[in-house]
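The values are calculated or read from the model by the stated rules, or taken from the named source; none is laboratory data. Being a predicted model, the structure only gives us computed values, none of them experimental. Here the Cβ positions follow ideal geometry from the backbone for every residue, glycine too, while neighbour counts run over all protein chains shown. Areas reflect the complete protein model, heavy atoms only, side chains present, ligands, DNA and RNA absent. Shrake-Rupley method; radii C 1.70, N 1.55, O 1.52, S 1.80 Å.
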Amino acid sequence: MDEPVLPSHRMAAVLVGLLACATACRDAPTPTLVRVREIRRPMGTYMAITVYAPDEAAGTRALAAAFARVEQVEAAISTWRRTSDASRLNREAGGQPVPIAPELAALLKRAAAVSAETDGAFDVTIGALVRLCRRTWRRRRVPTPEELSEAMARVGHRHVELSPDGKQARLAKAGMRLDFGAIGKGYIVDQAVGSLRRSGIQIALVDAGGDIYAMGAPPERAGWTIGVRDPDRPTEMQILKHRLLVRDCAVATSGDYEQFVVIDGHRYSHIVDPRTGQPVEHMSSVTVVAPDATTADAYATACSVLGPQAAVAFAEERKGVEALVLHRRDGDALARARSSGFDRFVLTEPAATGSDRDKP
Ligand code: ADP
Ligand code: MG
């Protein structure tokens with residue numbers, strides 16, 4: 001084992017490590033590569049990039065360029081930065097179109113596509129609703145029906161207007177708010193991956209808060225090993241459960257294991273169904289494998305809203321997309337559902353529980 005499992009952090013559902021792979025590559029030996037790694041904290045999240053490069057200097061240069069690219073993208077899409085194009089769009093909601101950077105235009109297009117294919121279960125215009133939930137939850141109460149309908153009137157992916165050339169955008173309703181919490185981390189991972197490729201890197205692991213892209217495989221390995229924690233006890237390292245082996249694909253996990261509130265005995269997730277205004281209940285975690293991290297991140301959140309059966313069906317319908325759902329209804333044992341191709345990535349998994357009864 002040449003690297004320990006990463007320490008847990010606030011939001012990650014996934015722990016990444018270069019644990020020894022069971023299946024070593026039998027290919028001809030690769031030229032000696034140097035492993036270089038750096039961690040920064042863009043967009044309020046933890047971002048770790050590991051690369052294998054011909055030498056230390058090349059690795060360091062590639063990392064610097066990737067983080068510079070992330071910084072550039074963050075400056076356009078972060079709703080936490082007052083000066084970003086995304087924040088300006090939020091401020092100007094209901095008013096005039098706003099000039100936007102190509103990075104934000106591309107993200108809005110991708111988000112609109114996921115909204116369309118999930119019948120609105122995924123929606124980056126959910127900002128007003130998420131804010132309302134957070135505000136009322138802090139006071140240990142749930143939103144009133146009036147508060148809910150007022151916020152819901154300000155949610156709707158169809159009210160995002162993007163000019164045909166992608167240079168301007170507008171939120172059509174006053175009080176609308178973009179929230180990229182469910183797709184932004186995946187997007188910055190893909191942007192970092194693009195930068196690494198332009199620097200000539202062919203082997204890398206990019207991890208932003210548990211949203212991961214695995215490029216190539218470390219020397220002598222068949223892929224990168226990723227651990228998915230048991231959503232019941234995410235902070236205990238020893239209960240690391242599913243271990244996945246992946247290469248040239250993305251993995252993202254979404255769930256309420258760390259971000260939820262309990263009010264009057266009910267558990268409410270930070271993931272909300274934009275169509276009803278109701279937070280997701282009972283769902284613990286959804287891990288999605290997809291060709292890119294933006295897709296994996298967005299689909300993981302969308303699948304949390306869809307529920308276990310629909311989430312698995314959603315993955316089955318899409319090439320290169322697999323899903324693992326760990327979920328629980330009040331008082332029941334943890335249950336597991338997964339798409340038929342998911343097992344391809346599983347190195348080790350928890351011993352079968354009664355839960356596998358609802359495996360599709
Ligand atoms: P994590 O932040 O744990 O990686 P997600 O990727 O699922 O989790 O993102 C959840 C965040 O996305 C929420 O905190 C909220 O800001 C936003 N969000 C909640 N529900 C939705 C939804 N249905 N569609 C899009 N974004 C959502
Ligand atoms: Mg997500």
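Some notes on this structure:
- Members of region 167-187 that are away from ligand 1 (no atom under 15 Å from the Cβ) and not in a strand (DSSP E or B): Lys167, Ala172, Lys173, Ala174, Gly175
- Which listed residue is in a helix (DSSP H, G or I) and open to solvent by less than 40 Å² (accessible area, probe 1.4 Å), from Asp123, Asp190: Asp190
- Scope region 193-204; condition part of a helix (DSSP H, G or I) and either under 17 Å from Arg247 (Cα atoms) or open to solvent by less than 20 Å² (accessible area, probe 1.4 Å) (or both); matching residues: Val193, Gly194, Ser195, Leu196, Arg197
- Any hit, region 319-328, residues being assigned to a helix (DSSP H, G or I), at pLDDT 85 or above, touching a Pro at 6+ places or on another chain (Cβ under 6 Å) and more than 19 Å from Lys185 (Cβ to Cβ): no
- So Val193, is it under 30 Å from Pro99 (Cβ atoms) and within 16 Å of ligand 2 (Cβ to nearest atom): no
- Scanning region 291-315 for residues that are more than 11 Å from ligand 2 (Cβ to nearest atom) and touching a helix residue (DSSP H, G or I) at 6+ places or on another chain (Cβ under 7 Å) gives Asp292, Leu306, Ala311, Phe314.
- Restricting region 105-120 to residues that are open to solvent by less than 40 Å² (accessible area, probe 1.4 Å) and within 17 Å of the chain's Cα centre (by Cα), the residue that is farthest from Ile188 (Cα to Cα) is Thr118.
- Some residue of region 341-354 being of a type in the set (A, V, I, L, M, F, W, C), at pLDDT 95 or above and surrounded by 15 or more Cβ atoms within 10 Å (Cβ to Cβ): yes
- Residue under evaluation Gly265, criteria (1) modelled with pLDDT of 80 or more; (2) surrounded by fewer than 19 Cβ atoms within 10 Å (Cβ to Cβ), criterion not met: (1)
- Of the residues examined, Asp207 is one that is within 24 Å of Gln72 (Cα to Cα), charged (D, E, K, R) and open to solvent by less than 30 Å² (accessible area, probe 1.4 Å).
- Taking (1) without any contact (Cβ under 8 Å) to a residue 40 or more places away in the chain; (2) crowded, with 17+ Cβ neighbours inside 10 Å in turn, Ala151 satisfies each apart from (1).
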